[in-house]
1. Within region 172-194, count every residue that is part of a strand (DSSP E or B) and either more than 16 Å from Gln119 (Cα to Cα) or touching a residue at least 60 places away in the same chain (Cβ under 8 Å) (or both).
2. Output the qualifying pairs, or none if there are none: Cβ atoms under 6 angstrom, residues six or more apart or on different chains, first residue in region 27-43 and on the phi < 0 side of the Ramachandran plot and in contact (Cβ under 8 Å) with a residue 12 or more places away in the chain, second residue among the aliphatic types (A, V, I, L, M) and outside any strand (DSSP E or B).
3. With the requirement that a residue be within 32 Å of the chain's Cα centre (by Cα) and open to solvent by 90 Å² or more (accessible area, probe 1.4 Å), what does region 173-193 give you?
4. Out of the residues in region 51-79 meeting the condition of being among the small types (Gly, Ala, Ser) and open to solvent by less than 40 Å² (accessible area, probe 1.4 Å), tell me which one is nearest to Val101 (Cα to Cα).
5. Checking Gln41 against (1) open to solvent by 30 Å² or more (accessible area, probe 1.4 Å); (2) touching a Lys or Arg at 6+ places or on another chain (Cβ under 7 Å), which test does it fail?
6. Going by what's in this entry, would Ala48 be described as among the hydrophobic types (A, V, I, L, M, F, W, C), open to solvent by less than 50 Å² (accessible area, probe 1.4 Å) and modelled with pLDDT under 95?
7. Just name the residue that is surrounded by the fewest Cβ atoms within 10 Å (Cβ to Cβ) out of those in region 1-38 that are over 30 Å from Pro164 (Cβ atoms) and among the aliphatic types (A, V, I, L, M).
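The values are calculated or read from the model by the stated rules, or taken from the named source; none is laboratory data. None of the values given here were measured: they were computed from a predicted structure. Heads up, the Cβs are rebuilt from the backbone with ideal geometry, glycines too, and the neighbour counts pull from every protein chain shown. The protein model used for the area step is the full one, side chains on, heavy atoms only, and it has no ligands, DNA or RNA in it. Shrake-Rupley method; radii C 1.70, N 1.55, O 1.52, S 1.80 Å.
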Amino acid sequence: VHSYEKDISPILNIPNVNQGSNITAQLTISSMGYPDIGAVQGKITLFAPEHRIIATRITAEKSLPGLKTIAFIERFAAGNWSAGQYYAEALVTYDDKEKSVNTTFLIGMMDLQLKQYTQQITTGFSDFSLTLVNNWGNALRNVYAIVLVNGQELLHTPIITLEPWSERELQGITRTELDPGTYAGTLQLFFEGEQKEIPITLEVIPPPAS
């Protein structure tokens, strides 16, 4: 529903990027009313993951005819910013009014993260799953995991490709003759020829009574 008053709908969009890339912010402002707006301007502020202000840009000033849309594009040098989730806010002033809008974006690095894994298995055969997260803006190939306890391989997952900024569950069946108890283990993650090891804890329980 359009208004007979001056009103706007702002949208702030910042795509995710890989570490070492610069940031492009697009502030789109649509007039939701019939009257023309004489002056529209935006102030875009970026915040680091710890909520510290790291950059601010003030856009040019433009007029906005009724029921039309304009866009501002601002670029930020971010080559040395660390990986993580960032927060952005835009304060839009239009004639004697103002509105704000916010968004988040990611700066990623080539890394494979473990989100969750099965922490309890049974002696003998047991279902096992783990969820992996691609913290990068490119696909990760040759992704798989190996579960080890006391140097014994309990599981070797299938090999997959993990799409950019995505997560995926891997499933398999463990086989172990370990006695019931709690064990310290290692989850080996492989991706793009890289390898990382994550300490895990597994509880082994007796199989269900037949």
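1. The number of residues fulfilling the criteria is 5.
2. Between residues of region 27-43 that are on the phi < 0 side of the Ramachandran plot and in contact (Cβ under 8 Å) with a residue 12 or more places away in the chain and residues that are among the aliphatic types (A, V, I, L, M) and outside any strand (DSSP E or B), the close pairs are Ser31/Leu67.
3. Ile173
4. Ala55
5. Here Gln41 meets the rest and fails (2).
6. No: the conditions fail for Ala48.
7. Within region 1-38, the match that is surrounded by the fewest Cβ atoms within 10 Å (Cβ to Cβ) is Val1.
Conditions tested, residue by residue: (1) assigned to a strand (DSSP E or B); (2) touching a residue at least 12 places away in the same chain (Cβ under 8 Å); (3) within 14 Å of Phe190 (Cα to Cα); (4) over 23 Å from the mean Cα position of the chain (by Cα).
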residue: Leu114; (1), (2), (3), (4): yes, yes, yes, no
residue: Ile121; (1), (2), (3), (4): yes, yes, no, yes
residue: Leu130; (1), (2), (3), (4): yes, yes, yes, no
residue: Val133; (1), (2), (3), (4): yes, yes, yes, no
residue: Asn138; (1), (2), (3), (4): no, yes, no, no
residue: Arg141; (1), (2), (3), (4): yes, yes, yes, no
residue: Tyr144; (1), (2), (3), (4): yes, yes, yes, no
residue: Val147; (1), (2), (3), (4): yes, yes, yes, yes
residue: Leu155; (1), (2), (3), (4): yes, yes, yes, yes
